[in-house]
Amino acid sequence: MRLHAYLIGILTNLFFLLTTLIVFLPLLVMALIKYLIPLQAWQNLCNRVLDGLAQGWIAVNSAHQNWLTGTTIQLEADADLRRHEWYMMIANHQSWVDILILLRVFNGRIPYVKFFLKKSLIWVPLLGVAWWALDFPFMRRYTKEEIDRNPSLKGKDIEETRRACEKYRHNPVTIINFLEGTRFTSAKHKEQKSPYRHLLVPKAGGLAFTLAAMDGQLHSLLDVTIYYPGGVPSYWDYACGKAREVQIHVRQLPIPDSLLGDYSNDAEFRQRFQLWVNEFWREKDILLEKLAHKSAG
């Protein structure tokens, strides 16, 4: 049984590498053509082609993952999903598998998803260049110590967020934000003294900056809760077919204009925004607790 799972893991990774190699060259060529001709209409067309290539890549990978791993995805969605809308998606984060599952569930149902990446990830072989070609925003968060040493860095991360979001005004997009900022672990949960049972403390600032940068174009929030009844799998567990089931719960919330404001400088707005985030984060924690009880029973 262990050997069988190991072989499935190898095959899953080989298929993933093969599909990435096949789509890599067209992505790179199209991205270079886009940047060589700085006309907005032309770049919009190129972006649609690039997103189409990426969606095809995800569809093929989803098919072979479904075939090889046998992971069952249970989806419960209270949402009106459309391919030509702009969405902000937030989700709890427990494993790299979260991203693969989200891509499998939503590919073709909503616009192609983009998520903020650490700047260092641009050096990941093949994928780093692919993310660059697809206009994924690469971000660097500056620590308080770095800003103290170099005050000119203050607000630079916010400006980078604005520039990144500016690219998404012309073609429908779904922007994913993992509000916890990192994957959940018991150690991190204890260190934060999180008031939630199954979640880390949400970081509202990045969400607020993104909504403000899009200037009202993101008027619908997809609140996604990811739960693994058999325990949180590693990527290798998933590739080997050991993640037997994933439950995805989706609800759609409006983003009122009152949630667009100056998070950095307006204390009243910042407090109001944090209360809004904390409320639906509390509701997410209650849902995860119910799912855990149901799974245990």
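Only the coordinates and a few stated rules stand behind these numbers; no lab work does. Every value quoted in this text rests on a predicted model; they were computed, and no experiment measured them. Positions of Cβ are generated from backbone atoms using ideal geometry, with glycine treated the same way; all protein chains shown enter the neighbour counts.
Annotations
- Residues 242, 290, 188 in ascending order of nearby Cβ atoms (within 10 Å, fewest first): 290, 188, 242.
- Normalised size of the stretch 34-184, defined as Cα radius of gyration per 2.2 N^0.38 Å with N residues, equals 1.15.
- Note on the chain: with a GNM built from Cα contacts shorter than 10 Å, the maximum mean-square fluctuation among 223, 262, 148 falls on 148.
- Charge dipole magnitude, Cβ of K and R +1, D and E -1 - the stretch 45-177, Cα centre, debye nearest 20: 360 debye
- When the alpha-carbon atoms of the chain are used, the pair Rg, Dmax equals 19.7, 60 angstrom.
- Fraction of the pair-distance distribution of the stretch 92-136 above 13 Å, Cα-Cα pairs, percent: 63 percent
- The chain - mean residue ellipticity at 222 nm from DSSP helices (-39,500 (n - 2.57) per run, n ≥ 4, rounded to 500): -16500 deg cm²/dmol
- Antiparallel bridges, percent of DSSP beta bridges restricted to the chain (to nearest 5): 30 percent
- R0 of 51 Å, Cβ-Cβ distance residue 186-residue 22: FRET efficiency to nearest 0.05: 0.80
- Computing FRET efficiency as 1/(1 + (r/R0)^6) for residue 264 and residue 5, where r is the C-beta to C-beta distance and R0 is 45 Å, gives about 0.40.
- Gained length - residue 13 relative to residue 235, 0.36 nm times residue gap less alpha-carbon distance: 78.9 nm
- 10, 99, 90, 58 arranged by Cβ crowding within 10 Å, fewest neighbours leading: 10, 99, 58, 90
- Taking a straight line from the alpha carbon of residue 294, these lysines sit under 23 Å away, with near neighbours fewer than eight places off in the same chain left out: 242, 284.
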